[in-house]
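Report on one structure; see the data block that follows.
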Amino acid sequence: MEKIVSLCKRRGFVFQNSEIYGGVNGIWDLGPLGVALANNIKKEWWNSMVISRDDVVGFDSSILSSPRVWEASGHVKSFTDPLVECKVCHERFRADHNKEIEEHGKTHPSTGSGQAPSWTDVKHFNLMFKTFLGPIEDDKNKTYLRPETAQGIFVNFENVLSTTRVKIPFGIAQIGKGFRNEITTGNFLFRVREFEMMELEFFTEPGEDSKWFDYWRKERLKWYLNLGIKEKNIKLVDLPKKDIAHYSKGTSEIWYNWPFMGFGELEGIANRGDYDLTQHSKFSGKELPYFDRESKKRFTPFVIEPSVGVGRAILAFLIDSYSEEGDRVVLKLHPKLAPIKAAVFPLLANKPELAKLARVVYKDLKKEFGSIAFDDRGNIGKRYYSQDEIGTPYCITVDFQSLEDQTVTVRDRDTMKQERIKVKELSSFVKKKLD
Ligand code: GAP
């Protein structure tokens, strides 16, 4: 794990937020390669959940909303984690994180007294960040940064119904920031306080919910496998009732085999039942049922919700693709996710005719694929290794033969094999690999 954190910093994937001021726990910034990877993950998610389907529409709600939203959703009352504090050193922990509490017993600073830790009673700590709408900071103006994007969809259910031609079963998908004041953060991007979420709320007729729950569990697992996550590192797990959120009738999780904890949550797929629409109907006084014109049935839809953090997905894809082969480090990212699709090199930097042709190849590919790199520094071996480390699937070298026959070598990141390809066929070669 340290190797991945260090690679992320060294190559500009992820930086600690406010690093020059000592850093802030649980908040990270994405560097140039990190934002490219995140964008590719979000694009793949959006393509598979919205663009490629006829039964899902997109949405983008605000981070701030009426505080009534969070009263209705149950978050004000129930979005809490159990907290204990060490009375000796005042460090705070999740009461249900037994391993961290045990560790603290061995390492806590006993403020010189040599005292063993002693714990307060468990308190329930609400994870929502509070803020104020307008200049007056009183209870009347208090609201929250959203801890999930889902509620923005539920409170707009009627708006979407009346402005589109969707018919149940259908979904509304959204990607956006969520904020949680986690008691403890850690394991790099795994548990943080500000993160992007990719959420689908899929509305079904009651009675059809189990079928769709099962459908989405399988679809979501397939998505990770299709993007290269190794089968041995990922699995679906049904959670026992005691471990599920206040709104859920049943939850499955996609678990990834994290190096710091073994198998644990990557994504949740919940059957939220009719909880949210019923609550918003109650609190707003507005009826939110669905009327099916064909069957003439009126009902409050049930909701199936696959939801995953972008950062957690980034972490899983980085861990899964990281490999060391002799003295080279390779990120074997799926080409669709790779931040840079191909790098173009002139074999020698000091031969203008090579550099000229390499620039033409680079510009043509860049026009078509956007994320193409050009590198003429150092020796060719070092340039290959530098691209391997950031997951670039193809390195294209312009050499002396290129000047004679308009061919280049294309070196494959994973096999390190090279093949000669005509310059005019490069674009279709790269396109095919990205399909
Ligand atoms: N709307 C459903 C929902 O919010 P959740 O299980 O609390 O469900 C969904 O969160 C996903 O968001 C998780 O599966 C995880 O991928 C991600 N996530 C949750 N809390 C996180 C945190 N503190 N840091 C990073 N990712 C987080």
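The values are calculated or read from the model by the stated rules, or taken from the named source; none is laboratory data. Bear in mind that the values here come from a model prediction, so they are computed numbers and not experimental data. Neighbour counts run over all protein chains shown; Cβ positions are idealised from the backbone, glycine included. Note: areas computed on protein heavy atoms with side chains; ligands, DNA, RNA excluded. Shrake-Rupley method; radii C 1.70, N 1.55, O 1.52, S 1.80 Å.
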- Message: Residues that are within 24 Å of Asn126 (Cα to Cα), at least 3 per element: which strands (runs of 3 or more DSSP E) completely within segment 222-304 meet that?
- Response: 250-258, 262-273
- Query: Got at least one residue in segment 316-323 being open to solvent by 10 Å² or more (accessible area, probe 1.4 Å), farther than 21 Å from Pro393 by Cβ and either of a type in the set (A, V, I, L, M) or within 16 Å of the ligand (Cβ to nearest atom) (or both)?
  - Reply: no
- Task: Looking only at segment 192-205, decide whether some residue is away from the ligand (no atom under 15 Å from the Cβ), open to solvent by 40 Å² or more (accessible area, probe 1.4 Å), over 19 Å from the mean Cα position of the chain (by Cα) and farther than 28 Å from Ile319 by Cβ.
- Result: yes
- Give the residue that is least open to solvent (accessible area, probe 1.4 Å), with candidates limited to residues of segment 20-40 that are out of contact with any Phe, Trp or Tyr (no Cβ under 7 Å at 6 or more places or on another chain) and either modelled with pLDDT under 95 or in a loop (DSSP other than H, G, I, E, B) (or both). Gly26
- Query: How many of the residues making up segment 110-158 are within 12 Å of Trp70 (Cβ to Cβ), basic (Lys, Arg) and open to solvent by 60 Å² or more (accessible area, probe 1.4 Å)?
  - Reply: 1
- Task: Kindly indicate whether Val361 is within 34 Å of the chain's Cα centre (by Cα) and in a strand (DSSP E or B).
- Result: no
- Within segment 112-159, restricting attention to residues that are touching a helix residue (DSSP H, G or I) at 6+ places or on another chain (Cβ under 9 Å), of a type in the set (Gly, Ala, Ser) and at negative phi, which residue is nearest to the ligand (Cβ to nearest atom)? Ala150
- Count of segment 413-435 residues which are of a type outside the set (A, V, I, L, M, F, W, C), open to solvent by 40 Å² or more (accessible area, probe 1.4 Å) and closer than 15 Å to Cys395 by Cβ: 7
- How many residues of segment 363-387 are open to solvent by 40 Å² or more (accessible area, probe 1.4 Å), of a type outside the set (A, V, I, L, M, F, W, C) and more than 20 Å from Ser323 (Cα to Cα)? The answer is 9
- Message: For segment 296-308, give me the residue count where each residue is over 17 Å from Gly273 (Cβ atoms) and crowded, with 23+ Cβ neighbours inside 10 Å.
- Response: 1
- Query: Identify, please: which residue in segment 264-315 is at pLDDT 95 or above, hydrophobic (A, V, I, L, M, F, W, C) and more than 16 Å from the ligand (Cβ to nearest atom) and is, among those, farthest from the chain's Cα centre (by Cα)?
  - Reply: Phe299
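Out of curiosity, is Ile234 in contact with a strand residue (DSSP E or B) (Cβ under 6 Å, 6 or more places away or on another chain), near the ligand (Cβ under 9 Å from one of its atoms) and β-branched (Val, Ile, Thr)?
On the way: in contact with a strand residue (DSSP E or B) (Cβ under 6 Å, 6 or more places away or on another chain): yes; near the ligand (Cβ under 9 Å from one of its atoms): no; β-branched (Val, Ile, Thr): yes.
In short, no.
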- Message: Testing Lys356 on (1) part of a strand (DSSP E or B); (2) farther than 30 Å from Phe202 by Cβ; (3) not small (Gly, Ala, Ser), one condition comes back false. Which one is that?
- Response: (1)
- Message: If I ask for residues that are hydrophobic (A, V, I, L, M, F, W, C), over 17 Å from Val330 (Cβ atoms) and touching a residue at least 40 places away in the same chain (Cβ under 8 Å), which ones from segment 370-417 would you list?
- Response: Ile396, Val398, Phe400, Leu403, Val408
- For segment 388-410 the number of residues that are surrounded by 21 or more Cβ atoms within 10 Å (Cβ to Cβ) and more than 21 Å from Ser428 (Cα to Cα) is 2
- Considering segment 41-81, residues that are in contact (Cβ under 8 Å) with a residue 12 or more places away in the chain, of a type in the set (Val, Ile, Thr) and not in a loop (DSSP other than H, G, I, E, B), and then whichever is most open to solvent (accessible area, probe 1.4 Å), we arrive at Val76
- Note on the structure: (1) open to solvent by less than 60 Å² (accessible area, probe 1.4 Å); (2) in a helix (DSSP H, G or I) all hold for Glu100 apart from (1)
- Task: Residue by residue through segment 384-422, note down the ones that are assigned to a helix (DSSP H, G or I) and closer than 15 Å to Ile372 by Cα.
- Result: Tyr384, Ser386, Gln387, Asp388
- Item | Only one of Tyr247, Tyr256 that is more than 23 Å from Glu201 (Cβ to Cβ), in contact with a helix residue (DSSP H, G or I) (Cβ under 6 Å, 6 or more places away or on another chain) and either within 16 Å of the ligand (Cβ to nearest atom) or aliphatic (A, V, I, L, M) (or both) | Tyr256
- Please specify each residue of segment 160-186 satisfying the condition of being within 12 Å of the ligand (Cβ to nearest atom) and out of contact with any helix residue (DSSP H, G or I) (no Cβ under 8 Å at 6 or more places or on another chain). Lys177, Gly178, Phe179, Arg180, Asn181, Glu182, Ile183, Thr185, Gly186
